[in-house]
């Protein structure tokens, strides 16, 4: 099974069996993207490892990238119209298509709106392509129509697919030097809904509990493997008599610690399949 097939199988498994509805929905979206990627590869539309992996998209287009750097075949600034685009099309009384909305921003009224957004800062650039018509409006306003036409020639074949205008907001853009990925309320909700990841908890337990315990056992066993070691293996403090043999086994203290640690932890399975040697 290839890496792509493994990712598709994992996404489908999560989309079907995860208890959280939001997680299932995200996994369903990932599964669809992996199906699109595999279909594109089989059809010859996607070539992984090249500068332009998607055949009908130029190098300057921001791609929708899957885990591992694989192109889904879609552009990040494309896809169905968003809610704000539907609202804008209704307000402008234009067809609800990406081509119609892009074309409106090239009219006098549209360029005036873009220039007003540049002056106020009340806009958001989600993908680099969203700034393209802002640049065109500024170039025309500055009198550099030749460069504006050159930019439009590059955008022309994709005017019906990509969003080349920004998202209008009610506040200024974020101050320089600050980055906000989501609001405080959204962050709180995401943290409250997060549950421990089994693999992360297993790694945390292995590093904080069992790795130090293994180092302790190694320190006790090393004199057995190397009789010339400078530090002899400690003898059990509770034993009133010396050991009967020259080989000294670990005392009971690590064994008791091992038992207590097994009772407190549950992520790692290998400590339950073995136990330290019994003290003699």
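The values are calculated or read from the model by the stated rules, or taken from the named source; none is laboratory data. These numbers come from a predicted model, not from an experiment. Reconstructed Cβ throughout: ideal geometry from the backbone, glycine too, with neighbour counts over all protein chains shown.
Might you let me know whether the range 38-47 holds any residue that is closer than 25 Å to residue 126 by Cβ and in contact (Cβ under 8 Å) with a residue 40 or more places away in the chain?
No, the range 38-47 contains no residue that is closer than 25 Å to residue 126 by Cβ and in contact (Cβ under 8 Å) with a residue 40 or more places away in the chain.
For residues in the range 58-70 being free of Cβ contacts under 8 Å to residues at least 40 places away in the same chain and surrounded by 14 or more Cβ atoms within 10 Å (Cβ to Cβ), which is nearest to residue 2 (Cα to Cα)?
That would be 65.
Across the range 18-44, what is the total count of residues that are in a loop (DSSP other than H, G, I, E, B) and surrounded by 17 or more Cβ atoms within 10 Å (Cβ to Cβ)?
0
Just name the residue that is surrounded by the most Cβ atoms within 10 Å (Cβ to Cβ) out of those in the range 110-145 that are out of contact with any helix residue (DSSP H, G or I) (no Cβ under 9 Å at 6 or more places or on another chain) and in a helix (DSSP H, G or I).
Only one residue fits best here, namely 130.
Only one residue in 76, 59, 15 is under 30 Å from residue 196 (Cα atoms) and either touching a strand residue (DSSP E or B) at 6+ places or on another chain (Cβ under 9 Å) or not assigned by TED's automatic domain parsing to the domain that holds residue 125 (or both), so which one is that?
15
Here's a check for you: in the range 1-33, which residue that is touching a residue at least 24 places away in the same chain (Cβ under 8 Å) and within 20 Å of residue 190 (Cβ to Cβ) is nearest to the chain's Cα centre (by Cα)?
30
Could you tell me whether the range 88-100 includes any residue that is closer than 22 Å to residue 186 by Cβ, surrounded by 15 or more Cβ atoms within 10 Å (Cβ to Cβ) and touching a residue at least 60 places away in the same chain (Cβ under 8 Å)?
no
Listed here are the residues, each with its yes/no results for (1) part of a loop (DSSP other than H, G, I, E, B); (2) at pLDDT 85 or above; (3) surrounded by 13 or more Cβ atoms within 10 Å (Cβ to Cβ); (4) touching a helix residue (DSSP H, G or I) at 6+ places or on another chain (Cβ under 6 Å).
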site: 153; (1), (2), (3), (4): no, yes, no, no
site: 173; (1), (2), (3), (4): yes, no, yes, no
site: 178; (1), (2), (3), (4): yes, no, no, no
site: 182; (1), (2), (3), (4): yes, no, no, no
site: 185; (1), (2), (3), (4): no, no, no, no
site: 190; (1), (2), (3), (4): no, no, no, no
site: 207; (1), (2), (3), (4): no, yes, no, no
site: 221; (1), (2), (3), (4): no, no, yes, no
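Given the conditions (1) buried (at least 17 other Cβ atoms within 10 Å of the Cβ); (2) under 23 Å from residue 128 (Cα atoms), and given that residue 15 satisfies all but one, which numbered condition is not satisfied?
Tallying (1) buried (at least 17 other Cβ atoms within 10 Å of the Cβ); (2) under 23 Å from residue 128 (Cα atoms), residue 15 fails exactly one: (2).
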